[in-house]
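**Q** Sharing a structure here in C-alpha cells format.
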Amino acid sequence: MIKELVRDEAILSTPCEPATIEDVAVAQDLVDTLLSIEDGACLAANQIGVTKAIIALADDEGNTLVMFNPKVLFGMGAFKAEESCLTRDGITKVTRFMKIKVSYEELVDGKLKPRKRDFVEWPAELIQHMCDHCKGKLI
C-alpha cells in the first residue's frame, strides 16, 4: 500500500526499533511507496510513519533491495557530500564513505536471513543516509 510521506520531526528523530518477521507488511508498504515516487531512490520505514529499522533501495530498472535492521560495519574513503531528503527541506552537508560493509537481514522464503555485503559509490551513500534515518538522525 502506498503511504504518505511523514515530515513530523518527532517521528523522524525517534530511533527505530529492531524489525522482525512480523514487519513484512511494513516492508511491502515501503517498497510500494518508494516505487510510487518519481526519481525516488531510497526510503526508510520511519519516513512512512513506522519506527522500525527497515530500508528500501530502488535501482533505475525498478528493482528493490529491502534491508531489515541494517548496520554499517565499516567504511572507507571518507568524502564530504551534500544530500537532500524526501521528508526534509533543504540540503545537508555530511561525511560519507565511498565503500561500506553492511550487515542486514533479508526476507528469504518467509524468514529473515542474515547478510553481509559491500556497497560502493551511490548505493553506499544511499544506505548510509537510510541508516541515519533508522538512528533517528535528521538529515
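**Q** From the list G136, G77, which residue is open to solvent by 40 Å² or more (accessible area, probe 1.4 Å) and either within 19 Å of I21 (Cα to Cα) or small (G, A, S) (or both)? Full working, then the answer.
**A** Details: G136 fails: open to solvent by 40 Å² or more (accessible area, probe 1.4 Å).
It is G77.
**Q** Looking only at the stretch 2-28, how many residues end up being closer than 16 Å to C131 by Cα and not in a helix (DSSP H, G or I)?
**A** Qualifying residue count for the region: 7.
**Q** Could you tell me whether any residue of the stretch 107-122 is farther than 15 Å from L30 by Cα and surrounded by 17 or more Cβ atoms within 10 Å (Cβ to Cβ)? Working first, answer last.
**A** To start, the set of residues in the stretch 107-122 that are farther than 15 Å from L30 by Cα comprises 108-122.
Next cut, surrounded by 17 or more Cβ atoms within 10 Å (Cβ to Cβ) only: 112, 119.
Yes, the conditions are met somewhere in the stretch 107-122.
**Q** Among (1) at pLDDT below 95; (2) buried (at least 19 other Cβ atoms within 10 Å of the Cβ), where does F68 come up short?
**A** It fails just one condition, (1).
**Q** Let me ask something else. Within the stretch 17-54, can you find the residues that are in contact with a Cys (Cβ under 7 Å, 6 or more places away or on another chain), surrounded by fewer than 23 Cβ atoms within 10 Å (Cβ to Cβ) and small (G, A, S)?
**A** Once the filter is applied, which keeps residues that are in contact with a Cys (Cβ under 7 Å, 6 or more places away or on another chain), surrounded by fewer than 23 Cβ atoms within 10 Å (Cβ to Cβ) and small (G, A, S), the stretch 17-54 yields nothing.
**Q** Restrict the check to the stretch 84-101 and report whether at least one residue is in contact (Cβ under 8 Å) with a residue 24 or more places away in the chain, of a type in the set (K, R) and under 18 Å from A44 (Cα atoms).
**A** Looking for residues that are in contact (Cβ under 8 Å) with a residue 24 or more places away in the chain, of a type in the set (K, R) and under 18 Å from A44 (Cα atoms), one finds at least one in the stretch 84-101, hence yes.
**Q** Pairs under 6 Å by beta carbon, first residue over 16 Å from V6 (Cβ atoms) in the stretch 119-139, partner of a type in the set (G, A, S), six or more apart or different chains?
**A** Close Cβ pairs (under 6 Å, with a partner that is of a type in the set (G, A, S)) amount to L126/A41.
**Q** Residues that are farther than 18 Å from P15 by Cα: which strands (runs of 3 or more DSSP E) entirely in the stretch 29-139 hold 3 or more of them?
**A** It comes to 64-85, 88-108, 111-120.
The values are calculated or read from the model by the stated rules, or taken from the named source; none is laboratory data. Given the structure is predicted, the values throughout are model-derived calculations rather than measurements. As a convention, Cβ positions derive from the backbone with ideal geometry for all residues, glycine included, and neighbour counts pool all protein chains shown. Only protein heavy atoms, including side chains, enter the accessible area calculation; ligands, DNA and RNA are left aside. Shrake-Rupley method; radii C 1.70, N 1.55, O 1.52, S 1.80 Å.
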